[in-house]
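Structure first, commentary second.
The values are calculated or read from the model by the stated rules, or taken from the named source; none is laboratory data. The model shown is predicted, which means the values in this text are computed figures rather than measured ones. Note that each Cβ is placed from the backbone with ideal geometry, even for glycine, and that neighbours are counted across all protein chains shown.
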Amino acid sequence: MSSTTPQVPGTYVFDAAESRRGRALNRLCGSLKDAENRARFKADEAVYCHAYGLDAQQRDAVLRRDWTQMMELGGSIFYVFKLAVLDQKSMQYLGGVFTGMTTEEFADTLKAGGRNFG
């Protein structure tokens, strides 16, 4: 994780260092925009992770769908979300995972104007 302290507890600072750290993970997730790659990934997820050069922690996070761990290992939500979509998960689902809420609680919080950190 970056040495920069996030302004909101539980959030991740995605800076240049994190981008470099998560490059392989983000490339893999970004590749899932193509139908052929999605089919290859579904056929053998571990082999696909190896082909993209994920380290052991990243591979484990992907295979277990540990969304929070993916963020901690340099994943960008914009790329990781492509994997979530493959699993038919919504952005509200991920928001719930990241905040400890259910999908419905997270969506309701958004509709009510979001959380107050002040």
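Restricting attention to region 21-35, the residues that are of a type in the set (S, T, N, Q) and buried (at least 20 other Cβ atoms within 10 Å of the Cβ) total 1. Among the residues of region 53-72, is there at least one that is in the same structural domain as A24 (by TED's automatic domain parsing), in contact (Cβ under 8 Å) with a residue 60 or more places away in the chain and in a helix (DSSP H, G or I)? Scanning region 53-72, I find at least one residue that is in the same structural domain as A24 (by TED's automatic domain parsing), in contact (Cβ under 8 Å) with a residue 60 or more places away in the chain and in a helix (DSSP H, G or I), so the answer is yes. Only a single criterion out of (1) over 13 Å from the mean Cα position of the chain (by Cα); (2) modelled with pLDDT of 95 or more is not satisfied by Q58, namely (1). So in region 17-51, with the set limited to residues that are assigned to a loop (DSSP other than H, G, I, E, B) and within 15 Å of the chain's Cα centre (by Cα), which one is modelled with the lowest pLDDT? Residue satisfying both the conditions and the ranking: G22.
State whether the residues of region 95-104 include one that is touching a residue at least 60 places away in the same chain (Cβ under 8 Å) and either in contact with an Asp or Glu (Cβ under 9 Å, 6 or more places away or on another chain) or buried (at least 19 other Cβ atoms within 10 Å of the Cβ) (or both). Within region 95-104 (the criterion being touching a residue at least 60 places away in the same chain (Cβ under 8 Å) and either in contact with an Asp or Glu (Cβ under 9 Å, 6 or more places away or on another chain) or buried (at least 19 other Cβ atoms within 10 Å of the Cβ) (or both)), the answer is yes, since at least one residue qualifies. Tell me, yes or no, whether region 6-16 has at least one residue that is modelled with pLDDT under 70 and not in a loop (DSSP other than H, G, I, E, B). Yes, region 6-16 contains at least one residue that is modelled with pLDDT under 70 and not in a loop (DSSP other than H, G, I, E, B). Residues considered: A51, A61, A107, A84. Of these, the only one that is touching a helix residue (DSSP H, G or I) at 6+ places or on another chain (Cβ under 7 Å) and either of a type in the set (F, W, Y) or closer than 18 Å to K33 by Cα (or both) is A84. Given the condition in a loop (DSSP other than H, G, I, E, B) and within 18 Å of R20 (Cα to Cα), answer yes or no: does some residue in region 76-85 qualify? Checking region 76-85: at least one residue is in a loop (DSSP other than H, G, I, E, B) and within 18 Å of R20 (Cα to Cα).
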